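First the structure, in the form of structure tokens, and then the observations on it.
Rule-based calculations on the coordinates, nothing more; no lab input. If you're wondering where the values come from, they're calculated on a predicted model, not measured in any experiment. Glycine also receives a Cβ, built like all others from the backbone with ideal geometry; neighbour counts cover every protein chain displayed.
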Amino acid sequence: RWFFYAGLIFNVILSYDAILAFKNAEGQWGHMQVGTLVLLANATFLWLYSLSCHTCRHTIGGRLKHFSKHPVRYKLWTKISELNHHHPKFAWISLIGVALADFYIRSVSTGFITDLTIF
């Protein structure tokens, strides 16, 4: 359970980093490059993996005797239960996504490739 909470902190940091990638070198918003999409996809994959976890499902809907008294938690538990069926698939997607994101960022930072500007 504690690793799940630590992973959520990591996901928040990656999401913040992906949002900051929409700024250009001068600090103006509205800028997007391929690297921005790579960071956004990486954060999304890791969020899907984390939210489909059994611990997340138990944290949201566990220890309830009556779902009818907690309709919001029941709705969240239902959605997370749907994600939970795909947890192994999200694990592989996020593993490959992290590796590709690291490779892309390393390649851009060393000058091996250039980051193409979309707008």
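Measuring between their Cα centroids, the range 20-44 and the range 45-107 lie 24 Å from each other.
With 0.36 nm allotted per residue and the present C-alpha distance subtracted, the Leu64-Thr78 stretch has 3.7 nm of extension available. Rounded to the nearest 10 degrees, the angle from helix 87-109 to the longest Cα principal axis of the chain is 20 degrees. Near Gln33, the amide H atoms lying under 5 Å from its own belong to Ile118; only residues 5 or more places off or on other chains count, and H is placed 1.01 Å from N. Counting lysine pairs in the chain that sit 8 or more residues apart in sequence, or on different chains, and whose Cα atoms lie under 19 Å apart gives 4.
Nearest 0.05, what FRET efficiency do Ile113 and Tyr16 give at R0 = 35 Å with Cβ-Cβ as r? Rounded to the nearest 0.05, the efficiency is 0.90.
Taking every alpha-carbon pair under 8 Å whose residues sit at least 6 apart, the chain reaches a relative contact order of 31 percent. Compared with the dominant Cα axis of the chain, that is its longest principal axis, helix 2-20 is turned about 40°.
Given the alternatives (i) 28; (ii) 35; (iii) 24, percent of Cα pairs over 26 Å apart as computed for this entry is given by (ii).
Per-residue ellipticity at 222 nm computed for the chain from its helices equals -23000 deg cm²/dmol, with DSSP H segments shorter than 4 residues left out and the rest contributing -39,500 (n - 2.57). Scanning the chain for trypsin sites (Lys or Arg not before Pro) in DSSP loops with at most 16 neighbouring Cβ atoms within 10 Å leaves 2-62 as the longest stretch between them.
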